[in-house]
Amino acid sequence: MRMCGVVVLAVGTVAAGPFAAEANGPKAHGPEAAVGCVGTNTIEFSPGLGLRARKTRISGTGAYTCVSAAPGFASAKSEISGGGMNGCFASEATTVEKIIWRGGEKSVVVYSLGTVGQVAGQAIVLVAGKVVSGAFRGRTVTSPGTQLTLDLPSCATGRGVRLITGPSTLTIL
């Protein structure tokens, strides 16, 4: 995934709403209508993000409450992982989100498209990808929003920015 900005993967508030469109193409396992979720994400970077991009690992978690017509998809938790060349103002990485739905179903999302901008200590994020396995396989996932960088001045230190957290969304079209 190629990105510019602080965050390689951060999920935030939905701009288009949870029911912007239905899935096109072959029907995947899971509800056929769009699913919209809101919640929070915490993303850690090791080593922390600095002024210059450097090789980092990404790890994190998410928790969502969802609107879905299908039972078992009303909430979810996720694990986020990835890595690549990441910095406070430019990033190039691959990110995977493993989602476990309340009913026990699982989905694995690979984010292959993203734009990130750093504005006044917040990462403005739009990531998009595909569900590559499990429930909703083949469907598109978008996750626009804002993540707060708690220690923006750390970009200029050797330690770097190690943690971002904030509101998140997950929309499966």
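Some points to look at:
- Residue within region 54-61 that is touching a residue at least 60 places away in the same chain (Cβ under 8 Å), surrounded by 15 or more Cβ atoms within 10 Å (Cβ to Cβ) and small (G, A, S) present: no
- When S81, S91 are checked against the criterion of being farther than 16 Å from V131 by Cα and either surrounded by 21 or more Cβ atoms within 10 Å (Cβ to Cβ) or in contact with a strand residue (DSSP E or B) (Cβ under 9 Å, 6 or more places away or on another chain) (or both), S91 stands alone in meeting it.
- Taking the criterion of being open to solvent by less than 50 Å² (accessible area, probe 1.4 Å), part of a loop (DSSP other than H, G, I, E, B) and more than 18 Å from V132 (Cα to Cα), the residues of region 62-78 that qualify are S68, A70, G72, A74.
The values are calculated or read from the model by the stated rules, or taken from the named source; none is laboratory data. Since the structure is predicted, the reported quantities are computational estimates derived from the model, not experimental observations. Because the Cβ atoms are built from the backbone with ideal geometry, glycine has one as well, and the counts that use them run over all protein chains shown. Heavy atoms of the whole protein, side chains included, go into the accessibility calculation; ligands, DNA and RNA do not. Shrake-Rupley method; radii C 1.70, N 1.55, O 1.52, S 1.80 Å.
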